[in-house]
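Have a look at the structure below before the remarks.
The values are calculated or read from the model by the stated rules, or taken from the named source; none is laboratory data. Note that the structure is predicted; figures quoted are calculated from it, not measured. Cβ placement follows ideal geometry from the backbone for every residue including glycine, while neighbour counts extend to all protein chains displayed. Just so you know, the surface numbers come from the protein's heavy atoms only, side chains and all, with ligands and any DNA or RNA stripped out. Shrake-Rupley method; radii C 1.70, N 1.55, O 1.52, S 1.80 Å.
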Amino acid sequence: MGINRNETLAVKYRPQRLDDVVEQDIIKHILSNQLKMKKIKNAYLFVGSAGTGKTTTARIFANELNNFKGGIIEIDGASNNGVNDIREISDKSKYQSINSEYKIFIIDECHAISSAGWQSFLKILEEPPMKTIYILCTTDPQKIPATILSRVQRYDFQKISLSGIENRLKYILNEEYGYYPLNDETIQYISKQAMGGMRDAISLMEKCLGYLIEDKKYLTIEEVINILGTVDYETMFNLFRCLIYEGIEEKELFNIIEEIFNAGKDLKLFIKNFLNYILDILKYYYTKDLNNTLIPPTTIWKERLNNICNQDDTMIKDIKFILKDILNLNNVIKFQPSVKAIIESDLLLLKSEVAK
């Protein structure tokens with residue numbers, strides 16, 4: 001069938017009905033009941049991390065409410081966040097929709113609205129116009145004033161489960177190709193990288209599919225890892241070896257950090273990923289299940305993890321000690337403008353402590 005290059009897969013396969021939205025069952029059930037019973041509220045707040053379906057659900061709800069007639073007024077709260085912008089919304093709200101029953105405003109990234117803007121919006125919510133509905137969407141609800149929160153019906157969108165993302169990706173692959181150019185192991189790896197966000201998962205998969213050519217119908221897990229470049233596990237494994245094993249000189253530790261720095265990579269992000277890597281080693285030690293980790297499910301990584309986890313209790317204690325130190329280091333460098341020297345100093349001392 002082939003990919004239509006004129007639109008992304010995330011747009012092409014965006015749900016069109018509430019029933020099509022992946023998971024969020026309770027929210028879908030409540031909104032469906034409101035549609036059936038015509039018990040519509042004036043203001044809604046959709047909260048959740050990126051890619052969980054907030055804006056998509058808002059659009060679907062608005063369209064189904066108006067029987068897919070008329071248009072929706074969508075506003076980017078990040079760039080229309082001043083008091084004058086909100087007053088403009090207020091002015092538009094005074095006039096009923098000509099070609100639909102309800103006039104519906106969807107305000108995305110609403111947490112970016114200014115204090116003065118919220119004060120103006122509060123007046124709208126205190127005396128909402130008839131047949132006008134506001135759907136606010138945000139990833140950061142703590143920035144919304146309590147006076148606003150008390151006047152909206154809030155729905156919290158959960159991160160999408162790993163199986164939910166995997167099933168959706170398989171559906172898209174089958175629709176596009178009629179077969180699966182990615183195996184289960186690879187689809188699971190991509191799904192994990194999305195951290196519960198469907199849009200990110202589809203975008204990552206589409207990036208991988210761009211590597212396919214006419215005479216290549218399948219991608220291996222190793223190819224997908226290289227294409228995404230999500231986390232350099234080989235570098236993290238080498239750093240881990242420097243810290244945990246005796247006989248590896250300190251200069252190797254400095255060489256690893258220098259190589260990351262010279263490649264222009266974000267050292268803060270590397271340390272954050274390294275923290276997750278150390279934690280994943282311990283997760284595997286206690287569960288013997290790679291599904292609980294972000295580590296690639298390849299043969300070589302299974303062998304490496306098994307070798308580490310088959311060591312004595314002293315090794316595991318050392319790994320926990322490293323985890324504690326890197327957790328502290330991650331907090332120390334979080335707001336520092338220059339972190340290379342701090343990281344090198346910490347890792348040098350950490351290696352000395354582990355070697356005792």
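Applying the criterion of at least 2 residues that are closer than 17 Å to I160 by Cβ and hydrophobic (A, V, I, L, M, F, W, C) to the strands (runs of 3 or more DSSP E) found wholly in the range 9-109 leaves 43-47.
Here T235 passes the criteria (1) in contact (Cβ under 8 Å) with a residue 60 or more places away in the chain; (2) open to solvent by 20 Å² or more (accessible area, probe 1.4 Å) except the one numbered (1). Is it the case that the range 112-127 has a residue that's touching a helix residue (DSSP H, G or I) at 6+ places or on another chain (Cβ under 8 Å), in contact (Cβ under 8 Å) with a residue 40 or more places away in the chain and farther than 23 Å from R14 by Cα? Yes, some residue in the range 112-127 is touching a helix residue (DSSP H, G or I) at 6+ places or on another chain (Cβ under 8 Å), in contact (Cβ under 8 Å) with a residue 40 or more places away in the chain and farther than 23 Å from R14 by Cα.
For the range 180-192, what are the residues that are of a type in the set (F, W, Y) and closer than 23 Å to V11 by Cβ?
Quick first cut of the range 180-192, residues of a type in the set (F, W, Y) only: 180, 189.
Of everything in the range 180-192, just one residue is of a type in the set (F, W, Y) and closer than 23 Å to V11 by Cβ, namely Y180.
Among the numbered conditions (1) among the aliphatic types (A, V, I, L, M); (2) under 20 Å from P297 (Cα atoms); (3) surrounded by fewer than 19 Cβ atoms within 10 Å (Cβ to Cβ), the only one that L212 does not meet is (2).
Residues in the range 117-165 that are acidic (D, E) and in a helix (DSSP H, G or I): E126 only. Of note, R168 satisfies the criterion of being open to solvent by 10 Å² or more (accessible area, probe 1.4 Å), in a helix (DSSP H, G or I) and closer than 18 Å to T56 by Cβ.
Of all the criteria given as (1) under 30 Å from A10 (Cα atoms); (2) of a type in the set (A, V, I, L, M); (3) assigned to a helix (DSSP H, G or I); (4) in contact with a helix residue (DSSP H, G or I) (Cβ under 6 Å, 6 or more places away or on another chain), the one not satisfied by L173 is (4).
Taking only the range 176-209 into account, find how many residues are open to solvent by 30 Å² or more (accessible area, probe 1.4 Å), without any contact (Cβ under 8 Å) to a residue 24 or more places away in the chain and either of a type outside the set (D, E) or within 17 Å of G51 (Cβ to Cβ) (or both). The number of residues fulfilling the criteria is 2. Please determine whether any residue of the range 63-81 is buried (at least 20 other Cβ atoms within 10 Å of the Cβ), in contact with a Ser or Thr (Cβ under 6 Å, 6 or more places away or on another chain) and not charged (D, E, K, R). Yes, the conditions are met somewhere in the range 63-81.
Here is the figure for the range 14-30: residues that are touching a strand residue (DSSP E or B) at 6+ places or on another chain (Cβ under 8 Å) and under 25 Å from Y171 (Cα atoms) total 1.
Within the range 312-322, can one find any residue that is closer than 30 Å to S163 by Cβ, more than 24 Å from the chain's Cα centre (by Cα) and not acidic (D, E)?
Residues of the range 312-322 closer than 30 Å to S163 by Cβ: 319.
Checking which are more than 24 Å from the chain's Cα centre (by Cα) leaves us with 319.
Now narrow it down to the ones that are not acidic (D, E): 319.
Scanning the range 312-322, I find at least one residue that is closer than 30 Å to S163 by Cβ, more than 24 Å from the chain's Cα centre (by Cα) and not acidic (D, E), so the answer is yes.
When both residues are 6+ apart or on different chains and their Cβ atoms are under 7 Å apart, which pairs have a first residue that lies in the range 19-34 and is free of Cβ contacts under 8 Å to residues at least 40 places away in the same chain and over 13 Å from T55 (Cα atoms), and a second that is among the aliphatic types (A, V, I, L, M) and assigned to a loop (DSSP other than H, G, I, E, B)? Pairs found: K28/V21; Q34/I40. Scanning the range 108-152 for residues being within 20 Å of L31 (Cα to Cα) and of a type in the set (D, E, K, R) gives a total of 3. Mind listing just one residue for me: the one in the range 223-252 that is assigned to a helix (DSSP H, G or I) and among the aromatic types (F, W, Y) and, of those, farthest from the chain's Cα centre (by Cα)? Of everything passing the filter in the range 223-252, F240 is farthest from the chain's Cα centre (by Cα).
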